[in-house]
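Some notes on the structure that comes next.
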Amino acid sequence: MTDASPRFESLAVRRTARLAVRGPRSGPVRELWIVLHGYGQLAAPFLEGLAAVDDGSRLLVAPEALSRFYEGSVEERVKRQGEQVVGASWMTKEARLDDIADNIAYLDAVHGWCRDRLRATRGGAPPLTVLGFSQGAATAARWIAAGSAEVARHLVWGSTLPPDADLSPASPLRRPATFLVIGARDRFATEKLVAAEHARLDAAGFPYRAVRFDGGHRLDDDTLRAIAHLDGDTDATGAL
């Protein structure tokens, strides 16, 4: 007797990932930044948005999400007549837990690649900053919580920590200095959403620094520079 509907089985496969990189090709590196783009973005254009902190002392690495797609409906793509726009996504609601586990393993591998590169240049292990923008913020937080990397600074940009994030005193998310960075005119991270996130973090006694800038759902040069030059102290919640 067979089932009336198909069933799913899991199969682990090998993938080739694409990393966009900025920074010195050789010599000492003062900081390592691993930065995760948002939904519908690609790694290289996103990394251009971090040029403000590319001062020659930082290695900046932007892994590209493994699920690329053509943006827009079929009708919209036909109208473009070959000028297709490609974006990438970290995950969807389908096979959610598999995607989360795959992303954690992927980012652990990215961090390992960075360590090997730094070792080859006879550099030490510099402090690691992880920035997650928009959809990438949830992926970054889950990696910090369950991955193997030791993170010094965590930038949650244009988003919040995942609703299911462990905020308990023993959570690995408490180890890095955490910054919640929101543009004053961000149409996705609204005032209501941000206020609710602050209340949630405050109720849990979770240490973070709230950072606001005059802008929308995007990175901001001045804010990036300001955070990059902080010592990472987030004992008290405050704004830059």
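The values are calculated or read from the model by the stated rules, or taken from the named source; none is laboratory data. The model shown is predicted, which means the values in this text are computed figures rather than measured ones. Note that each Cβ is placed from the backbone with ideal geometry, even for glycine, and that neighbours are counted across all protein chains shown.
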**Item:** Single unsatisfied condition, Pro169 versus (1) in a helix (DSSP H, G or I); (2) within 28 Å of His198 (Cα to Cα); (3) over 20 Å from the mean Cα position of the chain (by Cα)
**Value:** (1)
**Request:** Filter region 172-192 down to residues that are of a type in the set (Gly, Ala, Ser) and part of a strand (DSSP E or B), then give me how many there are.
**Result:** 2
**Asked** Failed condition for Thr129, given (1) within 19 Å of Leu19 (Cβ to Cβ); (2) not in a strand (DSSP E or B), with all others met?
**Response** (2)
**Complete:** Among residues of region 90-131 being charged (D, E, K, R) and closer than 27 Å to Ala177 by Cβ, the residue surrounded by the fewest Cβ atoms within 10 Å (Cβ to Cβ) is Asp116
**Asked** So, in region 151-174, of the ones that are hydrophobic (A, V, I, L, M, F, W, C) and touching a strand residue (DSSP E or B) at 6+ places or on another chain (Cβ under 9 Å), which residue ends up surrounded by the most Cβ atoms within 10 Å (Cβ to Cβ)?
**Response** Trp157
**Request:** Scan Gly87, Gly38 and give me the residue that is modelled with pLDDT of 95 or more, of a type in the set (Gly, Ala, Ser), more than 26 Å from Leu128 (Cβ to Cβ) and surrounded by 12 or more Cβ atoms within 10 Å (Cβ to Cβ).
**Result:** Gly87
**Request:** Could you list, in sequence order, all residues of region 175-185 that are more than 11 Å from Thr160 (Cβ to Cβ), surrounded by 15 or more Cβ atoms within 10 Å (Cβ to Cβ) and free of Cβ contacts under 8 Å to residues at least 40 places away in the same chain?
**Result:** Gly183
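Out of all the residues in region 41-65, which are assigned to a strand (DSSP E or B) and either modelled with pLDDT under 95 or closer than 15 Å to His229 by Cα (or both)? So that I can check it myself, show each step before the final result.
If we filter region 41-65 for residues that are assigned to a strand (DSSP E or B), which is where we start, we get 41, 58-63.
Within region 41-65, Arg58 is the sole residue that qualifies.
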**Request:** Using the structure shown, decide if Gly147 is at pLDDT 95 or above and at positive phi.
**Result:** no
**Prompt:** Would region 223-239 turn up any residue that is more than 17 Å from the chain's Cα centre (by Cα), modelled with pLDDT of 95 or more and either farther than 23 Å from Leu47 by Cβ or of a type outside the set (Val, Ile, Thr) (or both)?
**Reply:** yes
**Complete:** Note on region 20-37: residues touching a Cys at 6+ places or on another chain (Cβ under 8 Å) and β-branched (Val, Ile, Thr) are Ile34
**region 166-196, residues that are farther than 24 Å from Asp222 by Cα and of a type outside the set (A, V, I, L, M, F, W, C)** = Asp166, Ser168, Pro169, Ser171, Pro172, Arg174, Arg175, Lys192
**Message:** Can you find a residue that is closer than 21 Å to Ala62 by Cβ, of a type in the set (Ser, Thr, Tyr) and either buried (at least 21 other Cβ atoms within 10 Å of the Cβ) or over 17 Å from the mean Cα position of the chain (by Cα) (or both) anywhere in region 195-218?
**Reply:** no
